[in-house]
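Colleague: The structure follows.
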Amino acid sequence: MSDKATLEINGKKYEFPIVTGSENEVAIDIKNLRGDTGGVITIDPGYKNTGSCESAITFLDGEKGILRYRGYSIEELAEKADFLEVAYLLIFGELPTQDELNKFHSDIKKHAVVDDDVKKILDAFPKSAHPMGVLASLTSALTAFNPSSVNVDSEEEMYNAIVRILGKFPILVAWTMRKKHGMPLDYGSSSLGYVENILQMMFKRPDEDYTQNKILVNALDKLLILHADHEQNCSTSTVRITGSSHAGLFVSLSAGISALWGPLHGGANQAVLEMLEAIKEDGGDTKKYMAKAKDKDDPFRLMGFGHRVYKNFDPRAKIIKKAADEVLGDLGVEDPILDIAKGLEKEALEDSYFVDRKLYPNVDFYSGIIYRAMGIPTEMFTVMFALGRLPGWISQWREMRMRKEPIGRPRQLYTGETQRPFKEISKR
Ligand code: CMC
């Protein structure tokens with residue numbers, strides 16, 4: 001393949017370098033397009049064809065259904081690693097040795113406390129507040145209690161900021177849920193594993209000890225790993241672009257949480273469960289909802305279906321579907337919602353509308369069913385996604401700052417009015 005791409009505009013030819021990634025993906029480097037051509041830009045709404053950065057963290061091939069973190073397949077990581085190992089891998093690039101992992105965990109535990117005044121902020125929210133809004137606010141508020149900005153050129157300062165947020169974030173997650181359900185706020189226990197501690201912080205009742213359930217710990221570990229990174233998706237791009245103005249880590253993460261909230265992104269896991277519930281309430285008529293999803297005059301979409309990048313299958317969905325069967329079986333939960341989900345999936349996979357558009361179940365289609373079986377309230381599903389995505393956001397923010405990327409600032413094609421004279425209010 002040639003190492004240059006040629007673009008012809010008004011009879012004049014311009015050459016741009018072709019760059020390849022480590023998996024032989026091909027990109028045209030148009031960094032000099034505007035300068036060379038005297039102002040021409042590219043238009044790509046939704047960035048469907050635009051690479052915003054070079055990154056060495058996550059590789060995915062949407063056609064082949066491949067997802068790898070730092071070169072390791074998602075299938076192997078979900079099977080053999082735990083969430084904290086995966087977090088370390090994503091952030092620092094290599095799987096930790098046992099000593100490195102022990103130190104990482106112990107440093108995180110040192111920061112697993114938040115200023116008691118954070119409770120006052122939490123108290124000011126009505127119980128009806130959506131947990132994602134609360135989590136975004138509290139994450140941003142952490143900046144007020146940890147005001148020193150991180151010197152990104154200092155490995156030590158960067159490391160401290162990372163273990164600090166990994167220690168504090170699960171507390172915010174747990175408190176967000178406990179506040180909504182009128183449960184007293186508490187801290188976890190430093191004697192527990194990272195994921196065990198999350199479960200205890202979320203579910204411990206004030207009047208009894210919390211007994212760990214291995215099935216729940218394994219299920220949550222796996223779900224968090226599967227959500228841990230997904231290259232330049234909407235929330236991750238938000239984190240990178242926010243941080244590109246040299247805004248701090250915590251506020252950049254808060255921006256990412258807000259982006260994740262939308263139902264086309266992480267909010268889909270809540271929307272899927274609400275959709276499945278609605279279908280159940282409506283007599284379980286999946287065909288009716290399939291017809292609605294295909295009707296262009298109906299805004300209804302089959303939530304948990306389709307993906308911007310995966311056009312074959314979402315490897316995470318495959319793992320989660322299997323896990324849903326196992327977890328519900330192990331917990332002895334029979335959930336008619338799972339049957340509705342399987343029915344919908346079967347119909348969609350045989351329907352030309354979905355087949356032609358390459359719409360397959362995504363990570364969110366089955367995850368809510370597991371969360372529900374674990375006793376996690378529906379409104380918390382996207383918060384659990386945020387908890388899983390945290391190491392991905394951190395690693396992408398760190399990479400962006402370490403590579404000294406310029407401030408993110410897209411261009412536009414202006415389609416508004418051309419210059420016109422101001423009209424006095426009496427003449428309008
Ligand atoms: N139900 C019905 N039709 C759909 C769906 C769906 N879930 N998804 C896409 N389509 C149709 C869409 O109407 C369009 O049809 P046409 O070509 O006739 O106009 C075609 O498929 C392409 O859709 P698109 O919206 O142009 O595709 P996109 O890449 O911009 O959107 C998506 C991707 C994930 C936003 C979209 O598939 C969707 O809205 N899915 C439902 C929400 C969802 O499950 N989101 C979670 C994504 S995975 C978790 C995460 O990473 O956040």
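Colleague: Please give the number of the condition Val333 fails out of (1) part of a loop (DSSP other than H, G, I, E, B); (2) at pLDDT 90 or above; (3) more than 14 Å from the ligand (Cβ to nearest atom); (4) not polar (S, T, N, Q).
Modeller: Answer for Val333: the failing condition is (2).
Residues checked against (1) part of a strand (DSSP E or B); (2) surrounded by fewer than 10 Cβ atoms within 10 Å (Cβ to Cβ); (3) in contact (Cβ under 8 Å) with a residue 24 or more places away in the chain:
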position: Glu8; (1), (2), (3): yes, yes, no
position: Gly51; (1), (2), (3): no, no, yes
position: Glu54; (1), (2), (3): no, no, yes
position: Leu60; (1), (2), (3): yes, no, yes
position: Lys64; (1), (2), (3): no, no, yes
position: Leu89; (1), (2), (3): no, no, no
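Colleague: Take Arg357 and decide whether it is under 19 Å from Gly262 (Cβ atoms), near the ligand (Cβ under 10 Å from one of its atoms) and open to solvent by 20 Å² or more (accessible area, probe 1.4 Å). Lay out the reasoning, then the answer.
Modeller: Values: under 19 Å from Gly262 (Cβ atoms): no; near the ligand (Cβ under 10 Å from one of its atoms): yes; open to solvent by 20 Å² or more (accessible area, probe 1.4 Å): yes.
It is false that Arg357 is under 19 Å from Gly262 (Cβ atoms), near the ligand (Cβ under 10 Å from one of its atoms) and open to solvent by 20 Å² or more (accessible area, probe 1.4 Å).
Colleague: Let me ask something else. Return yes or no: is Ala144 of a type outside the set (D, E, K, R), over 18 Å from Met201 (Cα atoms) and surrounded by 19 or more Cβ atoms within 10 Å (Cβ to Cβ)?
Modeller: Numbers: of a type outside the set (D, E, K, R): yes; over 18 Å from Met201 (Cα atoms): yes; surrounded by 19 or more Cβ atoms within 10 Å (Cβ to Cβ): no.
So Ala144 does not fit the description; no.
Colleague: In addition: Restrict the check to the stretch 371-383 and report whether at least one residue is open to solvent by less than 100 Å² (accessible area, probe 1.4 Å), part of a helix (DSSP H, G or I) and closer than 26 Å to Leu95 by Cβ. Walk me through it before giving the result.
Modeller: Taking the stretch 371-383 as the starting set, the residues that turn out to be open to solvent by less than 100 Å² (accessible area, probe 1.4 Å) are 371-383.
Next cut, part of a helix (DSSP H, G or I) only: 371-373, 378-383.
Keeping just the survivors that are closer than 26 Å to Leu95 by Cβ gives none.
Taking every residue of the stretch 371-383 in turn, none turns out to be open to solvent by less than 100 Å² (accessible area, probe 1.4 Å), part of a helix (DSSP H, G or I) and closer than 26 Å to Leu95 by Cβ.
Colleague: Name the residue, out of Ala386, Ala341, that is more than 30 Å from Glu156 (Cβ to Cβ), within 27 Å of the chain's Cα centre (by Cα) and crowded, with 23+ Cβ neighbours inside 10 Å.
Modeller: Numbers: Ala386 fails: more than 30 Å from Glu156 (Cβ to Cβ).
Checking each option against the conditions leaves just Ala341.
Colleague: Among the candidates Asn160, Asn151, single out the residue that is in a loop (DSSP other than H, G, I, E, B), farther than 28 Å from Ala219 by Cβ and not basic (Lys, Arg).
Modeller: Details: Asn160 fails: in a loop (DSSP other than H, G, I, E, B).
Result: Asn151 is the single residue among Asn160, Asn151 that is in a loop (DSSP other than H, G, I, E, B), farther than 28 Å from Ala219 by Cβ and not basic (Lys, Arg).
Colleague: When residues of the stretch 119-152 are filtered for being among the β-branched types (Val, Ile, Thr) and touching a residue at least 60 places away in the same chain (Cβ under 8 Å), how many remain?
Modeller: 4
Colleague: Return the total of residues in the stretch 225-245 being of a type in the set (Gly, Ala, Ser) and touching a Pro at 6+ places or on another chain (Cβ under 8 Å). First the steps, then the outcome.
Modeller: Let us first name the residues in the stretch 225-245 that are of a type in the set (Gly, Ala, Ser), namely 228, 235, 237, 243-245.
Going one step further and asking which of them are touching a Pro at 6+ places or on another chain (Cβ under 8 Å), we end up with 228, 244.
Within the stretch 225-245, residues that are of a type in the set (Gly, Ala, Ser) and touching a Pro at 6+ places or on another chain (Cβ under 8 Å) number 2.
Colleague: When you scan the stretch 363-403, how many residues do you find that are aromatic (Phe, Trp, Tyr), farther than 16 Å from Ala174 by Cα and either away from the ligand (no atom under 14 Å from the Cβ) or modelled with pLDDT of 95 or more (or both)? Outline the logic, then answer.
Modeller: As a first pass, look at the stretch 363-403 and keep what is aromatic (Phe, Trp, Tyr): 365-366, 371, 381, 385, 393, 397.
With the extra rule that they be farther than 16 Å from Ala174 by Cα, the set shrinks to 365-366, 393, 397.
So of that shortlist, the ones also either away from the ligand (no atom under 14 Å from the Cβ) or modelled with pLDDT of 95 or more (or both) come out as 393, 397.
Of the residues in that region, 2 qualify.
Yes/no matrix, rows are residues, columns are (1) more than 11 Å from the ligand (Cβ to nearest atom); (2) more than 17 Å from the chain's Cα centre (by Cα); (3) assigned to a loop (DSSP other than H, G, I, E, B); (4) surrounded by 19 or more Cβ atoms within 10 Å (Cβ to Cβ):
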site: Leu264; (1), (2), (3), (4): no, no, yes, no
site: Asn269; (1), (2), (3), (4): no, no, no, yes
site: Leu276; (1), (2), (3), (4): yes, yes, no, yes
site: Gly283; (1), (2), (3), (4): yes, yes, yes, no
site: Tyr289; (1), (2), (3), (4): no, yes, no, yes
site: Asp298; (1), (2), (3), (4): no, yes, yes, no
site: Arg301; (1), (2), (3), (4): no, yes, yes, no
site: Arg316; (1), (2), (3), (4): no, no, no, yes
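Colleague: Considering Glu100, Glu76, Glu157, which residue is free of Cβ contacts under 8 Å to residues at least 40 places away in the same chain, out of contact with any Leu (no Cβ under 6 Å at 6 or more places or on another chain) and closer than 19 Å to Trp397 by Cα? Before the answer, list the steps.
Modeller: Numbers: Glu100 fails: closer than 19 Å to Trp397 by Cα; Glu76 fails: closer than 19 Å to Trp397 by Cα.
Of Glu100, Glu76, Glu157, the one residue that is free of Cβ contacts under 8 Å to residues at least 40 places away in the same chain, out of contact with any Leu (no Cβ under 6 Å at 6 or more places or on another chain) and closer than 19 Å to Trp397 by Cα is Glu157.
Colleague: Any chance you could count how many residues in the stretch 170-193 are without any contact (Cβ under 8 Å) to a residue 60 or more places away in the chain and polar (S, T, N, Q)?
Modeller: Within the stretch 170-193, residues that are without any contact (Cβ under 8 Å) to a residue 60 or more places away in the chain and polar (S, T, N, Q) number 2.
Colleague: Could you list, ordered by first residue, the pairs with Cβ atoms under 6 Å in which the first is in the stretch 348-373 and over 17 Å from Ala271 (Cα atoms) and the second is among the acidic types (Asp, Glu) and within 9 Å of the ligand (Cβ to nearest atom), at least 6 apart or interchain?
Modeller: Partner pairs satisfying both residue conditions: none exist.
Colleague: Then there's this: Out of the residues in the stretch 104-117 meeting the condition of being in a helix (DSSP H, G or I) and in contact (Cβ under 8 Å) with a residue 40 or more places away in the chain, tell me which one is farthest from Trp175 (Cα to Cα).
Modeller: Applying the first criterion (in a helix (DSSP H, G or I)) to the stretch 104-117 yields 104-110.
Now drop any that are not in contact (Cβ under 8 Å) with a residue 40 or more places away in the chain, which leaves 104-105, 107-110.
On the way: Phe104: 24, His105: 21, Asp107: 21, Ile108: 18, Lys109: 17, Lys110: 19 Å.
By that ranking, first place goes to Phe104.
Colleague: What are the residues in the stretch 242-254 that are of a type in the set (A, V, I, L, M, F, W, C) and either near the ligand (Cβ under 10 Å from one of its atoms) or crowded, with 22+ Cβ neighbours inside 10 Å (or both), if any?
Modeller: Looking only at the stretch 242-254, we keep the residues that are of a type in the set (A, V, I, L, M, F, W, C), and these are 247, 249-251, 253.
Selection gives Leu249, Phe250, Leu253.
Colleague: In the stretch 191-211, which residues are out of contact with any Phe, Trp or Tyr (no Cβ under 8 Å at 6 or more places or on another chain), surrounded by 14 or more Cβ atoms within 10 Å (Cβ to Cβ) and part of a loop (DSSP other than H, G, I, E, B)?
Modeller: Looking only at the stretch 191-211, we keep the residues that are out of contact with any Phe, Trp or Tyr (no Cβ under 8 Å at 6 or more places or on another chain), and these are 191-193, 196-198, 202, 205-209, 211.
If we keep only those that are surrounded by 14 or more Cβ atoms within 10 Å (Cβ to Cβ) too, we end up with 192-193, 196-198, 202.
Of everything in the stretch 191-211, those that are out of contact with any Phe, Trp or Tyr (no Cβ under 8 Å at 6 or more places or on another chain), surrounded by 14 or more Cβ atoms within 10 Å (Cβ to Cβ) and part of a loop (DSSP other than H, G, I, E, B) turn out to be Leu192, Gly193.
Colleague: Read through the list (1) within 16 Å of the ligand (Cβ to nearest atom); (2) within 16 Å of Ser237 (Cβ to Cβ), then give the number of the only condition that Cys53 fails.
Modeller: (1) is the only condition that Cys53 fails.
Colleague: Under 14 Å from the mean Cα position of the chain (by Cα) and assigned to a loop (DSSP other than H, G, I, E, B), is that true of His230?
Modeller: Numbers: under 14 Å from the mean Cα position of the chain (by Cα): yes; assigned to a loop (DSSP other than H, G, I, E, B): yes.
Criteria met by His230.
Colleague: Sticking with this structure for a sec: Which pairs turn up if I take residues in the stretch 251-267 that are over 25 Å from Pro299 (Cα atoms) and look for partners that are polar (S, T, N, Q) and open to solvent by 10 Å² or more (accessible area, probe 1.4 Å) with beta carbon separation below 6 Å, at least 6 apart in sequence or on another chain?
Modeller: Partner pairs satisfying both residue conditions: Val251/Ser140; Val251/Thr143; Ser252/Thr242; Ser254/Ser140; Ala255/Thr238; Ala255/Thr242; Gly256/Thr238.
The values are calculated or read from the model by the stated rules, or taken from the named source; none is laboratory data. Keep in mind that what you see is a predicted model, and the values were worked out from it rather than measured. Heads up, the Cβs are rebuilt from the backbone with ideal geometry, glycines too, and the neighbour counts pull from every protein chain shown. Ligands, DNA and RNA are stripped out before the accessible areas are found, and what is left, the full protein with its side chains, is counted by its heavy atoms. Shrake-Rupley method; radii C 1.70, N 1.55, O 1.52, S 1.80 Å.
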